[in-house]
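Please treat every number below as a calculation from the coordinates, not as lab data. On a predicted model such as this, the values are computed, not experimentally measured, just so you know. So basically every Cβ, Gly included, is an ideal-geometry build from the backbone, and we count neighbours across all protein chains shown.
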Amino acid sequence: QVQLVESGGGLVQAGGSLKLSCTATAITINLHNMGWYHQAPGKQHELVASITSEQITNYADSVKGRFTIFRDNAKNAVYLQMNNLKPEDTGVYYCKPLSFVNYWGQGTQVTVSS
């Protein structure tokens with residue numbers, strides 16, 4: 001059974017940094033285009049960063065220059081380095097293959113205080 005587990009969230013002051021991790025079982029991450037999604041309180045999921053199997057990255061304008069997505073194929077994991085965090089980055093972050101339409105893991109909570 002496919003399982004993606006997100007971790008690394010927490011409470012941080014504005015301007016701080018966090019590194020989110022996503023590990024997978026029963027799926028080989030480097031064969032998939034992967035995405036990190038942000039769900040702000042009361043809002044829908046938003047794709048904020050993606051990385052293809054060819055390591056091509058793409059970012060939402062709201063996080064460009066602050067977030068970096070990368071993968072470690074040996075660890076079957078994908079990461080999101082989040083720098084210069086802002087209060088509007090608060091929410092739950094999820095990772096999954098872009099092709100997995102209805103799958104959501106448990107996510108990891110990020111709270112940025114002003």
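Odds and ends about this structure:
- Cleavage-rule hits (trypsin sites (Lys or Arg not before Pro)) in the range 1-104: DSSP loop, at most 12 neighbouring Cβ within 10 angstrom: K43, K64
- Compactness of the range 1-105 as Cα Rg over 2.2 N^0.38 Å, two decimals: 1.00
- Here the dipole of the range 33-72 is about 120 debye; that uses its Cα centre as origin and unit charges on the Cβ of Lys and Arg (positive) and Asp and Glu (negative).
- Stokes-Einstein D for the range 46-112, Kirkwood Rh over Cα pairs, 10 °C, 1.306 mPa s (µm²/s): 123 µm²/s
- Neighbour-limited loop hits for GluC sites (Glu not before Pro), the range 43-100 (at most 14 other Cβ within 10 Å; DSSP other than H, G, I, E, B): E54
- Table column - 3J(HN,Hα) (Hz), the range 84-96, Karplus curve with 6.51, -1.76, 1.60, x for Gly and Pro: 6, 5, 10, x, 6, 7, 4, x, 9, 10, 10, 10, 5
- Just checking the listed ones, G15, G42, G91: in the Gaussian network model of the chain with Cα springs under 10 Å, the one fluctuating most is G42.
- Considering only I69, I51, I27, the mean-square fluctuation computed in a Gaussian network model of the chain, springs between alpha carbons under 10 angstrom, is largest for I27.
- Dipole magnitude (debye, nearest 20) for the chain, charges at Cβ of Lys, Arg, Asp, Glu: 100 debye
- Taken as Cα centroids, the range 35-98 and the range 11-30 sit 8 Å apart, rounded to the nearest whole angstrom.
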